[in-house]
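Structure first, then comments.
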Amino acid sequence: MQTITSKDNPKLKAVRALVRSKKDRQEASAFVMEGVRSLSALSDGSALPQYRLREIWVASDAVELAKDFAVPVYAVEPAVMEQLSDCQTSQGILGVVQYTQEPLTILPEKGNYLLVDGLTDPGNLGTLIRSAVAFGFSGVFLHGDTVEVFNPKTVRATMGALPFANVWKTDETVFQTLEQSGYDLISTVIHGGENLHTMKLGPKNVLVIGNEAHGVSAAVQQRATRSLSIPMSGNVESLNAAVAGSICMVAISG
């Protein structure tokens, strides 16, 4: 374990940049994840191989949190850890995660995927990724102006599920790939879609969740092969995007 005392230390400045800057995260192919439970999957071999724990940063009054990690560990004053943390109150430990983008892979026989179209709230995206992992979805496509997956607020909202998720930033070519592979592109709409509770699903499905305010974009709706709606009482017009997406995913997963 190495103790870092200078605020101008290059390693410390690099971690601070990963927390604050999307550009730095993209250039380094790395991001920051906080909390022992979230980081444990990266050290016990259960996470997907594209996520690799590179180093641990820990508050000097909580060094015992880092005892089980077999990567370089750097200790800093608690006040410095608070500055590094994106949480309101630091959990005392964070890790730098190196990420390698895997090639886009579509399961040929059967599978469920989530396509997020223009979602802007990082908390919603993180919750949807967490649900996709929980309900056995094979991957998540980020389309349009969807918020960055490695935004610290997105990462935190996954509650440790991100290292188990295949995530791809996609362009228009993904629709041709899905069509050629025989997948149904199922757009969510507030009214007029098939009833989620009674619709019959095939073995290959891509659920589309759109922007919080405007829903699925017109361009993506035109490519959809089906649409679905969640039946609700007349007292509620719509649901939060993450809530609606999670309800749909548990239904689609069977």
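Derivation of every value follows stated rules applied to the coordinates shown; laboratory data play no part. Because the structure is predicted, anything quoted here is derived from the model rather than measured. FYI the Cβ positions are ideal-geometry reconstructions off the backbone, even for glycines, and counts take in every protein chain you see.
Summing +1 for each Lys or Arg and -1 for each Asp or Glu among the other residues whose beta-carbon sits under 12 angstrom from that of Q26 gives +1.
If you wrap the chain in the convex hull of its Cα atoms and look at it from every side, the mean projected area works out to 14.5 nm². Once C-alpha pairs closer than 8 Å and six or more residues apart are averaged by separation and normalised to the residue number of region 99-254, the relative contact order reads 29 percent. Pairs of Lys residues in the chain, spaced 8 or more positions apart or belonging to different chains, with C-alpha separations under 19 angstrom: 11 in total. GNM on the chain, C-alpha springs below 10 Å: top fluctuator among R37, R130, R25? Comparing R37, R130, R25 in the GNM, the peak value goes to R37.
Normalised by the number of residues in region 2-99, the mean separation of alpha-carbon contacts (under 8 Å, six or more apart) gives a relative contact order of 37 percent. What share of the DSSP beta bridges in region 51-141 is antiparallel, in percent to the nearest 5? Once the DSSP bridges in region 51-141 are tallied, antiparallel ones form about 50 percent. Across every direction, the projection of the convex hull enclosing the Cα atoms of region 101-212 has a mean area of 7.1 nm². Its DSSP H runs of at least 4 residues, each contributing -39,500 (n - 2.57), put the calculated 222 nm mean residue ellipticity of the chain at -8500 deg cm²/dmol, to the nearest 500. Geometric descriptor of region 2-99, per residue, is 91 Å³ (volume of the convex hull of the Cα atoms). Excluding the site residues themselves, the longest part of the chain lacking any GluC sites (Glu not before Pro) in a DSSP loop with at most 11 other Cβ atoms within 10 Å is 1-108.
Computed over all pairs of different Cα atoms, the Kirkwood value for the hydrodynamic radius of region 72-119 is 15.1 Å. Measuring between their Cα centroids, region 74-98 and region 204-254 lie 36 Å from each other. Within the chain, DSSP assigns beta bridges of which about 30% are antiparallel (rounded to the nearest 5).
Springs join every pair of Cα atoms under 10 Å in this Gaussian network model of the chain, and among L42, L196, L128 the largest mean-square fluctuation is at L196. Taking every C-alpha pair closer than 8 Å and separated by at least 6 residues, the mean separation divided by the residue count of region 53-98 gives a relative contact order of 51 percent.
Seen against the Cα atoms of the chain and their longest principal axis, helix 10-20 is set at about 30 degrees. Taking the chain as a Gaussian network of alpha-carbon nodes connected by springs under 10 Å, the highest mean-square fluctuation of the residues S46, S227, S138 belongs to S46. Distance between the C-alpha centres of region 1-44 and region 153-197: 29 Å, rounded to the whole angstrom. Farthest towards the positive end of the charge dipole of region 154-254, among the residues H214, A157, S238, is the Cα of A157, using unit charges on the Cβ of Lys, Arg, Asp and Glu. Selection among S43, Q176, G193 by position relative to the dipole of the chain gives S43 as farthest towards the positive end (Cβ unit charges, Cα centre).
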